[in-house]
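Below is one structure, written out as structure tokens; the observations come after it.
The values are calculated or read from the model by the stated rules, or taken from the named source; none is laboratory data. Please read these numbers as outputs of a predicted model, since none were measured by experiment. Cβ placement follows ideal geometry from the backbone for every residue including glycine, while neighbour counts extend to all protein chains displayed. All accessible areas refer to the heavy atoms of the entire protein, side chains included, with ligands and DNA or RNA removed. Shrake-Rupley method; radii C 1.70, N 1.55, O 1.52, S 1.80 Å.
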Amino acid sequence: MGSVSVVVAFLCILTGCFVCDGDQLSITCSKSDLEALIDFKNGLQDSGNRLQSWRGKNCCQWQGIRCNNRTRAVISIDLKNPSVSSLSGEIRPSLLKLKSLQYLDLSLNTFNQIPIPDFLGSLQSLQYLNLSKAGFTGVVPLALGNLSTLNFLDVSSEFSSLSANSFDWITRLVSLKHLAMDGTDLSLVSTNLFEALNMLPSLTSLHLSACGLSGPISSLSHVNFTSLEVLDLSLNNFNSLFPDWLVNISSLAHVDLSISGLYGRIPLGFSELPNLQYLNLAMNNNLSASCSQLFRGSWKKIEVLSLSTNKLHGRLPASIGNMSSLVVFDLFVNSVEGWIPPSIGKLCNLQRFDLSGNNLTGSLPESLEGNNCQPNGFLPSLMQLKLSSNRLEGDLPNWLGQLDNLAELFLSNNLFQGSIPADLGNLRNLSRLGLANNQLTGTLPDSFGKLSELSTLDVSVNHLTGSISEVHFSRLSKLRFLFLSSNSFVFNVSSIWIPPFQAQNLDIGSCHLGPFFPAWLRTQKKLLFLSVSNSSISDTIPDWFWGISSNLSLLNISCNHLQGRVPNLFNIAPFADVDFSSNLLEGPIPLPAVEIELLDLSKNRFSGPIPQNLSSAMPNLIFLSLSDNQLTGNIPVVIGDMQLLQVIDLANNSFVGTIPASMGKCSFLKALDLGFNNLSGNIPVSLGQLKQLQSLHLSNNKLSEIPSTLSNLSSLQVLDLALNNLAGSMPITFGDFKAMSGKQNITQYLFYGKYRGVYYEESLVVNIKGGPQKYTKTLSLVTSIDVSSNNLNGKLPDGITNLLGLVALNLSHNQIKGQIPEKISNLQELLSLDLSSNTFSGEIPSSMSLLSFLSSLNLSNNNFSGMIPYKGQMSTFTESSFAGNPDLCGDPLQLKCHGNDSDKRETIVDDEDDGLIDRWFYLSLGLGFAAGILVPMFVLGIRKPWADAYFKLVDRIVNS
């Protein structure tokens, strides 16, 4: 029985059906009840004057008061807040004088965090008590257990302001039918909770959502509350096996156990509960069931079935088509396998069908089975179809265009091929269409211009081609979100075209919009997100654009051929992400008129110094990239005041002077790239304070000294100090880099920057065939140390062998001496080792043959001696890896070792590919970390970033 029905029934019973007989106006309340209500009113604070009718002597006519039409006694007080104004103040004990009071509702008021009065437990006639979300705090009084006639109790709270330490008092409420304590803190209630509830035989509705319940749910050998219709235990953390005794309660109609920490198998008996209409077991993560068994049952009255984010498995049986009452079917993010059966066409009442985020394979049916829904056709009630993020393939079937009531269609992130059916343009109710990240070909149908209700269109990341004309948008007056990026569309619209829509999000990157800046953007006054990246625009940014840009929270016009200057103090929305990278823009560094979070001006022709007011203009900046420009002067000290920065990329400019010690104050910094400048002086000791720093590039400068404090960088995974003037010995603390001491997971990715914006691209320079080659890509997590081409001397610290996660080590072109530590074999993740052009001596440790992943080795031009341990992995390297060591002998060198029959030793020499790295090295050593999403993610734009597809491709290549 629903709450509304319960209230109506109570009122009718309590008032002697006064609503029906019209006698209420003739009733005069008793003097004692009148005095009690006046005192009760005096304790209340009524700022909204809700109790203005509480005057005169006939209290039975007061708003919210009901009397028995025979005894004149007050039996009901209903002061539930009707969203007009809240009552507050105190609840006075004068209520106890209302001996016949059976109904009390004070819900949704604001009683100033006062406790629930204990004396309410003395209202012996009370049958209905609702104190939910009324501002009460503290412990629910145990005295409420004295209300033996109570049928309805609701003490739900917000923010856990109410709590209960025991449930023993509940067992005395033998008449209770409805119990609601949602949001009440029950974390201290003992594990006998369900034993206590089992003593309430009349219970029909139980609501204990978000109560902090934990621990196992008891296994009840006998269930007493066999009249239970509604059960809500959602948003708890039981960490319990699923209570299979629930399927013994045949009266159940509504069950919500979502997000409750349950595990184990879903009982098959749910399908046979004769009254079950609503079942939500979503987001328990570890509930399992066989689809072929679970959905084989009758499910006679089921309307809503949500099992998302669990571990269902197997195929959906054709019998699912017999669930004729189903309104919502949600298996989102499970491990459901198989295909969509043609029998779904029999679901005449189906309104929402959501199998997103599963493991569905195969193609959609070319046609649907039968037609039990005559005369209305297939799936006549279907309003939402979501099959995104599966492995569905094949063509999109034409029957999709026959779903007359369809409002939302999401098929993104699959493997669909072929063209988009033109019949989709006939769906007059379609408001949201998502086909992104598939393999669709052909053009965008002209018929889409008829979708007058369309607000969201996303066909990004496909292989679509052809022209986009004004016809495609002719009736789209409600269009707000348009995503066409990563296709090969050519915009063919008039220079004076005025679109019928006012868009909020426009992602039309990679579409051919140029060569001129799109004039029609001038009409878009409500834009919040705009990306026209890589759109073949070879023009200046028109002045009118800065008139509409003040609302933009994301502006991405990167990878074009834009020329000219960006005005200083350009207009943009507060805290926006701005990407002007990879253009031909020039002039001094422009600053925004308001503070923003991300600024990328890299790969342009900006010149001059960094503005001294950088920090005051953007005090909360998170991402700053000015690399690959023509900037000069010093790096300003004030950059250290921008303490929220996560990325600073100033590489490939002409900066001089020292690195500001103030950068040590940027405590959130994750990537610092100052490489390829003319910086000099010492590396600041203060950089050792950057506990979150993961990547440090200072290469190709004129820096001296390596401070030992760098070892304090506990998160550091990439250290590049190559091509400087560093002197002295390598600090012995180099073995203390914590983030390099563990083996790395090659499927883990580092992201720098904001989710809406651009990314910082990691890079690694490796010496191959006598010259440096730069590898840059967005690949898996790789750790490296490069101090090559400096003036370092002394011995290689033994602690280096503690860096078990090290993938690349380059110490070449220094004056380092001594022997290679025998424990070098500890570095099992090592892919590249370059010790060339130093003064190393002694024998090459035989343990190096155990480095099974080593793909690049250069020990040339040192003083090594003795026989090369040419076995295991060492036998894969050619003569060039050992050249320039006069005292080395044995394969693969021509010099044979005295007394050894090395001519008979099996060798592996590749003359044609001398020094070439294998495919795994190219994939894994070419270091790069994505620093954000490669394409902007827009609100309501449900699309995977381009990076996901790239990573999957890499994984296939590596595993092939």
| task | For residue 177, work out the one condition from (1) within 36 Å of the chain's Cα centre (by Cα); (2) of a type in the set (D, E, K, R); (3) at pLDDT 95 or above it doesn't fulfil. | result | (1)
| Applying the selection to the range 341-365, what residues are modelled with pLDDT under 75 and surrounded by fewer than 21 Cβ atoms within 10 Å (Cβ to Cβ)? | 341, 342, 343, 348, 349
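For every residue, the table says whether it meets (1) among the basic types (Lys, Arg); (2) at pLDDT 90 or above; (3) closer than 30 Å to residue 531 by Cβ; (4) open to solvent by 20 Å² or more (accessible area, probe 1.4 Å).
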site: 765; (1), (2), (3), (4): no, no, no, yes
site: 769; (1), (2), (3), (4): yes, no, no, yes
site: 794; (1), (2), (3), (4): no, yes, no, no
site: 804; (1), (2), (3), (4): no, yes, no, yes
site: 854; (1), (2), (3), (4): no, yes, no, no
| Is it the case that some residue within the range 121-132 is open to solvent by 40 Å² or more (accessible area, probe 1.4 Å), more than 21 Å from residue 94 (Cα to Cα) and part of a helix (DSSP H, G or I)? | no
| Can we say residue 717 is under 18 Å from residue 806 (Cα atoms) and either open to solvent by 10 Å² or more (accessible area, probe 1.4 Å) or at pLDDT 95 or above (or both)? | yes
| Pairs, first closer than 15 Å to residue 897 by Cα in the range 850-873, second of a type in the set (S, T, N, Q) and buried (at least 21 other Cβ atoms within 10 Å of the Cβ), C-beta under 7 Å, six or more apart | 864/885
| said: On the basis of being modelled with pLDDT under 95 and surrounded by 17 or more Cβ atoms within 10 Å (Cβ to Cβ), does residue 655 make the cut? | reply: no
| field | Residues that are under 16 Å from residue 869 (Cβ atoms), in contact with a Gly (Cβ under 6 Å, 6 or more places away or on another chain) and at pLDDT below 95, drawn from the range 820-850 | value | 849
| query | When residue 173 is evaluated against the numbered criteria (1) over 26 Å from residue 74 (Cβ atoms); (2) in contact with a helix residue (DSSP H, G or I) (Cβ under 7 Å, 6 or more places away or on another chain), which criterion, by number, is the only one it fails? | reply | (1)
| Conditions (1) modelled with pLDDT of 70 or more; (2) open to solvent by less than 20 Å² (accessible area, probe 1.4 Å); (3) in contact with a Pro (Cβ under 8 Å, 6 or more places away or on another chain): number failed by residue 368 | (1)
| request: Would you mind stating whether residue 457 is over 25 Å from residue 539 (Cα atoms), under 30 Å from the mean Cα position of the chain (by Cα) and open to solvent by less than 30 Å² (accessible area, probe 1.4 Å)? | output: yes
| task | Within the range 651-673, track down each residue that is assigned to a loop (DSSP other than H, G, I, E, B) and touching a helix residue (DSSP H, G or I) at 6+ places or on another chain (Cβ under 9 Å). | result | 659, 660, 666, 667, 669
| message | Being under 25 Å from residue 47 (Cβ atoms), surrounded by fewer than 19 Cβ atoms within 10 Å (Cβ to Cβ), touching a residue at least 12 places away in the same chain (Cβ under 8 Å) and not charged (D, E, K, R) is true for just one of 85, 160, 166, 175. Which residue is that? | response | 85
| Is it true that residue 679 is more than 25 Å from residue 615 (Cα to Cα), in a strand (DSSP E or B) and open to solvent by less than 10 Å² (accessible area, probe 1.4 Å)? | no
| Do any residues in the range 460-477 that are without any contact (Cβ under 8 Å) to a residue 60 or more places away in the chain have Cβ atoms under 8 Å from those of residues that are part of a helix (DSSP H, G or I) and among the small types (Gly, Ala, Ser), where the two are at least six apart or on different chains, and which pairs are they? | 471/449; 472/449; 473/449; 474/449; 475/449; 476/449
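This table checks each residue for (1) outside any loop (DSSP other than H, G, I, E, B); (2) farther than 23 Å from residue 251 by Cβ; (3) at pLDDT below 90; (4) among the aromatic types (Phe, Trp, Tyr).
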site: 187; (1), (2), (3), (4): no, yes, no, no
site: 199; (1), (2), (3), (4): no, no, no, no
site: 206; (1), (2), (3), (4): yes, no, no, no
site: 209; (1), (2), (3), (4): no, no, no, no
site: 219; (1), (2), (3), (4): no, no, yes, no
site: 226; (1), (2), (3), (4): no, no, no, no
site: 235; (1), (2), (3), (4): no, yes, no, no
| said: Here is a check on your reading of the model: is residue 232 more than 23 Å from residue 279 (Cα to Cα) and either touching a strand residue (DSSP E or B) at 6+ places or on another chain (Cβ under 9 Å) or surrounded by 17 or more Cβ atoms within 10 Å (Cβ to Cβ) (or both)? | reply: no
| field | Members of the range 582-606 found to be more than 14 Å from residue 650 (Cβ to Cβ) and small (Gly, Ala, Ser), listed by number | value | 582, 587, 593
| Among all residue pairs at least 6 apart or on different chains, which show Cβ distances below 6 Å where the first residue, located in the range 28-49, is closer than 16 Å to residue 99 by Cα and the second is assigned to a loop (DSSP other than H, G, I, E, B) and open to solvent by 30 Å² or more (accessible area, probe 1.4 Å)? | 29/72; 30/72; 39/92; 40/92
| remark: Counted residues in the range 50-80 being in contact (Cβ under 8 Å) with a residue 12 or more places away in the chain, under 52 Å from the mean Cα position of the chain (by Cα), open to solvent by 20 Å² or more (accessible area, probe 1.4 Å) and farther than 14 Å from residue 101 by Cβ come to 3
| query | Residues of the range 701-714 being in a loop (DSSP other than H, G, I, E, B), surrounded by fewer than 22 Cβ atoms within 10 Å (Cβ to Cβ) and either among the aliphatic types (A, V, I, L, M) or at pLDDT 90 or above (or both), which ones? | reply | 707, 714
| said: Looking only at the range 88-114, filter to residues that are of a type in the set (A, V, I, L, M, F, W, C) and closer than 13 Å to residue 50 by Cβ; which one of those is surrounded by the fewest Cβ atoms within 10 Å (Cβ to Cβ)? | reply: 108
| said: Report every pair of residues separated by at least 6 positions or lying on different chains whose Cβ atoms are under 9 Å apart, first residue within the range 695-718 and over 18 Å from residue 666 (Cβ atoms), second aromatic (Phe, Trp, Tyr) and open to solvent by 20 Å² or more (accessible area, probe 1.4 Å). | reply: 699/676; 700/676; 701/676
| request: Search the range 322-340 for residues being open to solvent by 30 Å² or more (accessible area, probe 1.4 Å) and over 22 Å from residue 272 (Cα atoms), and hand back the single one that is modelled with the lowest pLDDT. | output: 339
